[in-house]
Amino acid sequence: MKKLLIAGIRFYQRNLSPFKHYGCCKYFPTCSQYAIEALEKHGLLKGGLLAVWRILRCNPFSRGGYDPVP
């Protein structure tokens with residue numbers, strides 16, 4: 001399941017992300033790269049929760065910046 005999620009994120013990075021019209025992620029690493037790293041490092045449950053929490057924090061009111069996977 002983890003590999004399937006990572007494959008879906010990589011598909012998004014290669015095929016969908018370049019066509020976004022509203023700019024790039026305000027965080028480094030990007031939210032999609034953060035999700036991949038979190039899944040690889042922490043597994044499906046914890047990594048998935050970290051990825052969801054990161055996506056929820058990525059909004060117009062956040063400051064962004066450097067935010068590595070714990």
**OP:** Report LEU49's accessible area, 1.4 Å probe, all protein chains in place, as a number in Å² to the nearest 10.
**Re:** 110 Å²
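Rounded to the nearest percent, how much of the accessible area of the chain (1.4 Å probe, protein heavy atoms only) is carbon and sulfur? Please report the intermediate quantities before stating the final value.
Numbers: 3500 of 5150 Å².
Using a 1.4 Å probe with all protein chains present, the chain comes out at 68 percent carbon and sulfur.
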**OP:** Of the options CYS24, GLY65, HIS42, report the single residue whose Cα projects farthest towards the positive end of the charge dipole of the stretch 8-70 (beta-carbon charges: Lys, Arg +1; Asp, Glu -1).
**Re:** CYS24
Original post:
Using θ = phi - 60° and the Karplus form 6.51 cos²θ - 1.76 cosθ + 1.60, what ³J(HN,Hα) does each residue of the stretch 3-18 get, whole Hz, x for Gly and Pro?
Top reply: 5, 5, 5, 5, 4, x, 5, 5, 4, 4, 4, 7, 10, 10, 4, x
**OP:** Taking trypsin sites (Lys or Arg not before Pro) as candidate sites, keep only those in a DSSP loop with at most 14 other Cβ atoms within 10 Å, then name the longest stretch of the chain containing none of them.
**Re:** 21-62
**OP:** Return P(r) of the chain (all Cα-Cα pairs; 5 Å bins starting at 0; whole %; ordered from short to long distances).
**Re:** 3, 17, 27, 25, 19, 7, 1
**OP:** Only Lys, Arg, Asp and Glu count, each charged at its Cβ (+1, +1, -1, -1), so figure out the dipole size of the chain about its Cα centre, rounded to 20 debye.
**Re:** 60 debye
Original post:
Which lysines does LYS26 reach when only Cα atoms under 25 Å apart count, and residues fewer than 8 places away in its own chain are ignored?
Top reply: LYS41, LYS46
Original post:
Restricting attention to the stretch 1-57, which chymotrypsin sites (Phe, Trp or Tyr not before Pro) occupy a DSSP loop and are surrounded by at most 13 other Cβ atoms within 10 Å?
Top reply: TYR22
Original post:
At what distance in nm do the modelled label points of LYS20 and TYR66 sit from each other, each positioned 7 Å from its Cα along Cα→Cβ?
Top reply: 2.1 nm
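The values are calculated or read from the model by the stated rules, or taken from the named source; none is laboratory data. Since this is a predicted model, take the numbers as computed values, not measurements. Don't worry about glycine lacking a Cβ; one is built from the backbone with ideal geometry, like all the others, and counts go over all protein chains shown. Ligands, DNA and RNA are excluded from the accessible area calculation, which covers all protein heavy atoms including side chains. Shrake-Rupley method; radii C 1.70, N 1.55, O 1.52, S 1.80 Å.
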